[in-house]
Amino acid sequence: AQSVTQPDIHITVSEGASLELRCNYSYGATPYLFWYVQSPGQGLQLLLKYFSGDTLVQGIKGFEAEFKRSQSSFNLRKPSVHWSDAAEYFCAVGANAGKSTFGDGTTLTVKP
Amino acid sequence: GAVVSQHPSWVICKSGTSVKIECRSLDFQATTMFWYRQFPKQSLMLMATSNEGSKATYEQGVEKDKFLINHASLTLSTLTVTSAHPEDSSFYICSARPPGLAGETQYFGPGTRLLVL
């Protein structure tokens, strides 16, 4: 069975500071990995995805993520956080059957 | 990018009534759509996979007679919550997957908030 763990429920960073959101997964084969962002009362927006190839993936809004097979991790990073980045972030694993398993999410608060 | 819409964006209904939520892919055809449910401050839970022209596949624990799914065309899937009760109040999100893309790319709708009184 596949699973996703986001160890940090809530993270607070100052505007302009760097950010790293952690994601660990369990999957029996080569994973398809995603990061989504959700603003309050909204649907999910895809930030980036990893299928294969270069393990460092660039996404929208200045985000990047690095796939580390040895650590079963897919952490999301941003070098300088903006106030508009405050939101809920979800890591997800996609199965070949077309189902995505989501982590419980990390709430990001940005201090001015 | 691909756009998925949901209608209505929010709905309030009385207990015992049925509510229909529409999910449309606006600029692509989606042979597969997914329905998720999200409780406050929680993650998304996949309810069912909707396939155009065939019966939906429900996840374990999801009542198919309560949550009716119809995928009548390549751009429209509907979720009907039948005889809704307060415990059905939730945020319902759909997603659509374009055919022919590698992996499991899916595009999400903005969600529908249901409140059952």
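The values are calculated or read from the model by the stated rules, or taken from the named source; none is laboratory data. In this text the structure is predicted, and so the values were computed from the model without any measurement. Please note: Cβ atoms are built from the backbone with ideal geometry, for glycine as well, and neighbour counts cover all protein chains shown.
Determine which member of the set B:Ser43, B:Ser77 is touching a Cys at 6+ places or on another chain (Cβ under 7 Å) and surrounded by 17 or more Cβ atoms within 10 Å (Cβ to Cβ).
Only one candidate qualifies: B:Ser77.
Determine if segment B:102-117 includes at least one residue that is under 15 Å from B:Thr17 (Cβ atoms), outside any strand (DSSP E or B) and in contact (Cβ under 8 Å) with a residue 12 or more places away in the chain.
yes
Sort through A:Ala92, A:Ala65 and tell me the only one that's modelled with pLDDT under 95, in a strand (DSSP E or B) and under 26 Å from B:Leu46 (Cα atoms).
Values: A:Ala65 fails: modelled with pLDDT under 95.
The match here is A:Ala92.
For segment A:65-112, enumerate the residues that are polar (S, T, N, Q) and either closer than 22 Å to B:Gln60 by Cβ or crowded, with 17+ Cβ neighbours inside 10 Å (or both).
A:Ser73, A:Asn75, A:Asn96, A:Ser100, A:Thr101, A:Thr106
Against the condition more than 10 Å from every other protein chain (Cβ to nearest Cβ), of a type in the set (Val, Ile, Thr) and touching a residue at least 24 places away in the same chain (Cβ under 8 Å), how does A:Val37 come out, does it pass?
Considered against the rule, which asks whether it is more than 10 Å from every other protein chain (Cβ to nearest Cβ), of a type in the set (Val, Ile, Thr) and touching a residue at least 24 places away in the same chain (Cβ under 8 Å), A:Val37 comes out as yes.
Matching residues to (1) crowded, with 16+ Cβ neighbours inside 10 Å; (2) at pLDDT below 90; (3) in a strand (DSSP E or B):
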{"site": "A:Glu20", "(1), (2), (3)": "no, no, yes"}
{"site": "A:Tyr25", "(1), (2), (3)": "yes, no, yes"}
{"site": "A:Ala29", "(1), (2), (3)": "no, yes, no"}
{"site": "A:Trp35", "(1), (2), (3)": "yes, no, yes"}
{"site": "A:Gly41", "(1), (2), (3)": "no, yes, no"}
{"site": "A:Leu47", "(1), (2), (3)": "yes, no, yes"}
